[in-house]
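Participant: Quick one: the structure is below, questions incoming.
The values are calculated or read from the model by the stated rules, or taken from the named source; none is laboratory data. In this text the structure is predicted, and so the values were computed from the model without any measurement. Cβ coordinates were reconstructed from backbone atoms using ideal geometry, including for glycine residues, and neighbour counts include every protein chain displayed. The area values use the complete protein model at the heavy-atom level, side chains included, leaving out ligands, DNA and RNA. Shrake-Rupley method; radii C 1.70, N 1.55, O 1.52, S 1.80 Å.
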Amino acid sequence: MNRKLESGQLFPNIPVASLEGGEMVLGQPRAGHDWQLVVVYRGKHCPLCRKYLSTLENLQGKFHDIGIDVVVVSGDPEEKARDFAQELGLSMPVGYGLSIAQMQELGLYVSHPRSPEETDRPFPEPGTFVINADGALQLVDISNAPFARPDLEGLAGGLAFIRSKNYPIRGTYAA
């Protein structure tokens, strides 16, 4: 059973293999940034992921300018993740090999491939997580379909506003 992550809660630091070598820990900003944007993509088989990650690559500087590290991760094995990153010319850190248990820990929807031609394993549906300097989820957006994802230009602008105005985490009301 998936338990969805809630805004304001501490993000579970999840180690994943990195194309840069070794591991990276999702939720731990790098390179002098104090926040992190984690984008979970479906995998190399997804044409919408190709477009989304290309857009993210082009906007990466906007996130860096406001102190936000950008990383992407999928359940693809290393070879597929490396091929995909090279095809797209990605300069951002790319994690791979996200396990089903890790997908569930993140509260992601997990799908079975429609055919062996699509891919050879269950894969995560899209997820976007913004972790603030306190390690808490400032923003969480998960989808059960490939075409429902946050607009990246709007996300960059919204996060710039949040950071400049010390805007609070929204959606934390509990009955």
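Participant: Out of everything in the range 138-148 that is out of contact with any Cys (no Cβ under 9 Å at 6 or more places or on another chain) and touching a residue at least 24 places away in the same chain (Cβ under 8 Å), what residue ends up being most open to solvent (accessible area, probe 1.4 Å)?
Facilitator: F147
Participant: Tell me, which helices (runs of 4 or more DSSP H) wholly within the range 60-175 include 2 or more residues that are among the charged types (D, E, K, R) and over 24 Å from A31 (Cβ atoms)?
Facilitator: Of the helices (runs of 4 or more DSSP H) lying wholly inside the range 60-175, those with at least 2 residues that are among the charged types (D, E, K, R) and over 24 Å from A31 (Cβ atoms) span 78-88.
Participant: Could I ask something else about it? Going by what's in this entry, would A175 be described as modelled with pLDDT under 95, more than 19 Å from A17 (Cβ to Cβ) and of a type in the set (A, V, I, L, M)?
Facilitator: When the stated conditions are applied, A175 passes them.
Listed here are the residues, each with its yes/no results for (1) among the hydroxyl-bearing types (S, T, Y); (2) under 27 Å from I169 (Cβ atoms); (3) modelled with pLDDT of 95 or more.
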{"position": "C49", "(1), (2), (3)": "no, no, yes"}
{"position": "S54", "(1), (2), (3)": "yes, no, yes"}
{"position": "E57", "(1), (2), (3)": "no, no, yes"}
{"position": "K62", "(1), (2), (3)": "no, yes, yes"}
{"position": "V71", "(1), (2), (3)": "no, yes, yes"}
{"position": "D83", "(1), (2), (3)": "no, no, yes"}
{"position": "L108", "(1), (2), (3)": "no, yes, yes"}
{"position": "T119", "(1), (2), (3)": "yes, no, no"}
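Participant: Which residue is most open to solvent (accessible area, probe 1.4 Å), if the candidates are limited to the range 1-54 and must be assigned to a helix (DSSP H, G or I) and in contact with a Leu (Cβ under 8 Å, 6 or more places away or on another chain)?
Facilitator: Applying the filter and picking the extreme gives R50.
Participant: Testing S74 on (1) more than 14 Å from the chain's Cα centre (by Cα); (2) among the hydroxyl-bearing types (S, T, Y); (3) surrounded by 14 or more Cβ atoms within 10 Å (Cβ to Cβ), one condition comes back false. Which one is that?
Facilitator: It fails just one condition, (1).
Participant: Can you tell me which of I169, I131 is out of contact with any Pro (no Cβ under 9 Å at 6 or more places or on another chain), touching a residue at least 60 places away in the same chain (Cβ under 8 Å) and either of a type outside the set (G, A, S) or open to solvent by 40 Å² or more (accessible area, probe 1.4 Å) (or both)?
Facilitator: Step by step, each of I169, I131 is checked, and only I169 is out of contact with any Pro (no Cβ under 9 Å at 6 or more places or on another chain), touching a residue at least 60 places away in the same chain (Cβ under 8 Å) and either of a type outside the set (G, A, S) or open to solvent by 40 Å² or more (accessible area, probe 1.4 Å) (or both).
Participant: Here is a further query. Looking at V94, is it β-branched (V, I, T), surrounded by 13 or more Cβ atoms within 10 Å (Cβ to Cβ) and closer than 30 Å to P168 by Cβ?
Facilitator: No: the conditions fail for V94.
Participant: Condition test on I100, is it touching a strand residue (DSSP E or B) at 6+ places or on another chain (Cβ under 9 Å), free of Cβ contacts under 8 Å to residues at least 60 places away in the same chain and of a type outside the set (S, T, N, Q)?
Facilitator: yes
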